[in-house]
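S.K.: Sending over a structure as structure tokens; questions will come in a sec.
The values are calculated or read from the model by the stated rules, or taken from the named source; none is laboratory data. Note that this is a predicted model, so its numbers are computed, not measured. Neighbour counts run over all protein chains shown; Cβ positions are idealised from the backbone, glycine included. Side chains included, ligands, DNA and RNA excluded: accessible areas come from the protein's heavy atoms. Shrake-Rupley method; radii C 1.70, N 1.55, O 1.52, S 1.80 Å.
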Amino acid sequence: MMMELAEGVRLQKVLANAGVASRRVIEQYIVEGRIRVNGAVVTELGRRIDPEKDLVDVDGIAVQLDVGKRYVMLNKPTGVVSSMKDESGRPDLRRFTAEYEERLYNVGRLDAETSGLLVLTNDGDLAHVLAHPSFGVTKVYIAKVEGSVTAQTIAKLIKGVELEDGPIAADKARLLDSSRGSSLVELTLHSGRNRIVRRMLAAVGHPVTELVRRQFGPLHLGTLPAGKTRELTKIELGALLTLSRHQEIE
């Protein structure tokens, strides 16, 4: 028994425990060259790994081997601060994490008056990579703004605007609707700067009245109602882990 621990655990067993597939199916994946450990294709069926250190992917999608890690999507409502405890006594995220056994923390932040997609997890490494501004994870916002936004304004957002803390340009911008003195604008950004969407749109003369984050990296809010949570699917988690590992490598 000690020898098995010293040499690691069979890859088939680890991946089966992680819910990837049955051991028999995983053996077929190995034969087909679809599994990599630390970036190298595995070819031998007897391969053993250290689940705590080795990184495994199947068909290029990262697999979380630690079944104690939890990943939750929240559609944060307005009026809630992105904190586990607000010193001012405002509503915080504890009401959404109380139902989970693990101590979950938010990945990055959304302003109290901004709603939308927020990730809650107990995976500190992933949270650090995805939240750190230097990694530039893409986010998509939909903003309701005052006034009628023109094509020229959209072009200006993409070209870049000058703010007090330096210039900023949207990765993508498009007008979704404009009527009755207001407009809906979709902005895609990888900046982590504070209140960046609101400041950009104010700088082009269209103050934000409502703001929601619809996407975070590979995750889409979909039809999740405001104030509700759900665990990420295996496909979503794989995409998120793959993104975070690529960011670390770069």
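S.K.: Return the residues of region 12-29 that are β-branched (Val, Ile, Thr) and either closer than 20 Å to Leu237 by Cα or within 28 Å of the chain's Cα centre (by Cα) (or both); say none if nothing qualifies.
M.R.: The answer is Val14, Val20, Ile26.
S.K.: For region 221-234, name all the residues that are in contact (Cβ under 8 Å) with a residue 24 or more places away in the chain and open to solvent by 40 Å² or more (accessible area, probe 1.4 Å).
M.R.: Across region 221-234, the qualifying residues are Pro225, Ala226, Lys228, Arg230, Glu231, Lys234.
S.K.: How do the pairs read when you match residues in region 22-51 that are open to solvent by 40 Å² or more (accessible area, probe 1.4 Å) with residues anywhere that are among the hydroxyl-bearing types (Ser, Thr, Tyr) and in a loop (DSSP other than H, G, I, E, B), using Cβ under 9 Å and keeping only pairs 6 or more apart or on different chains?
M.R.: Note: pairs meeting the criteria are Val31/Thr43.
S.K.: Right, another one. Just checking, how many residues over region 52-64 are touching a residue at least 40 places away in the same chain (Cβ under 8 Å) and more than 15 Å from Gly8 (Cα to Cα)?
M.R.: 7
S.K.: If a residue must be assigned to a helix (DSSP H, G or I), closer than 22 Å to Gly222 by Cα and open to solvent by 50 Å² or more (accessible area, probe 1.4 Å), how many such residues does region 79-138 contain?
M.R.: The qualifying residues number 1.
S.K.: Another one. For Leu163, state whether it is more than 21 Å from Pro77 (Cα to Cα) and surrounded by 14 or more Cβ atoms within 10 Å (Cβ to Cβ).
M.R.: When the stated conditions are applied, Leu163 passes them.
S.K.: Evaluate the following for Leu15: is it assigned to a strand (DSSP E or B) and either open to solvent by less than 10 Å² (accessible area, probe 1.4 Å) or modelled with pLDDT of 95 or more (or both)?
M.R.: Criteria not met by Leu15.
S.K.: Residues being under 18 Å from His246 (Cβ atoms) and either part of a loop (DSSP other than H, G, I, E, B) or aromatic (Phe, Trp, Tyr) (or both): count how many of those fall in region 41-64.
M.R.: 5
Table: residues versus (1) open to solvent by less than 20 Å² (accessible area, probe 1.4 Å); (2) farther than 25 Å from Val72 by Cβ.
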{"residue": "Ile142", "(1), (2)": "no, no"}
{"residue": "Glu146", "(1), (2)": "no, yes"}
{"residue": "Gln152", "(1), (2)": "no, yes"}
{"residue": "Ser179", "(1), (2)": "no, yes"}
{"residue": "Leu189", "(1), (2)": "yes, no"}
{"residue": "Arg193", "(1), (2)": "no, yes"}
{"residue": "Ala203", "(1), (2)": "no, yes"}
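S.K.: Looking only at region 220-250, how many residues end up being over 15 Å from Ala62 (Cα atoms) and modelled with pLDDT of 95 or more?
M.R.: Total satisfying the criteria: 12.
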